[in-house]
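First the structure, in the form of structure tokens, and then the observations on it.
Laboratory data are not the source of any read-out in this text; all were calculated from the coordinates shown. None of these values were measured; they are calculated from a predicted model. Here the Cβ positions follow ideal geometry from the backbone for every residue, glycine too, while neighbour counts run over all protein chains shown.
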């Protein structure tokens, strides 16, 4: 016959099982959050790459049109370069408001959201 475990031994065994299960659950939740965040970032990067290429070719076309309308082969490119430099300067000056805080908020929302589907 087997010796029966004392209630204290049973409580310790159940507590150990609970803690192991809790650790595994935490690992799975963290893994899910990392996978969702990584897939979101990769998707954003791919979309950014396609839109950047479209913007590049649209800019080249627009620069050509401006150059043609100004009868100067380089004027359109200088006009667009100046416009992009101005936009870049605005982004540098307002980077916390326009880029940093919204990105941080989106990442935190994504990490702490209960439903990471979609």
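Assorted remarks:
- Placing a label point 7 Å from the Cα of residue 80 along the Cα-to-Cβ line, the residues of region 30-61 whose backbone N sits under 12 Å from it are 53-61.
- Principal axis analysis of the Cα atoms in the chain yields extents of 103, 27, 18 Å, listed in decreasing size.
- The relative contact order of the chain, computed from alpha carbon pairs under 8 Å that lie at least 6 residues apart in sequence, is 21 percent.
- Computed FRET value (nearest 0.05) for residue 62 with residue 113, which takes r as the C-beta separation and R₀ as 35 Å: 0.35
- Volume per residue that the Cα convex hull of region 1-44 spans, once the total is divided by residue count, Å³: 47 Å³
- Helix 101-112 vs. the chain, principal-axis angle (Cα, 0 to 90°, nearest 10): 30 degrees
- Applying 1/(1 + (r/R0)^6) with r as the Cβ-Cβ distance of residue 45 and residue 19 and R0 = 41 angstrom yields a FRET efficiency of 0.60.
- With the helix formula -39500 (n - 2.57) applied to DSSP H stretches of n ≥ 4, the chain reaches a computed 222 nm mean residue ellipticity of -29000 deg cm²/dmol.
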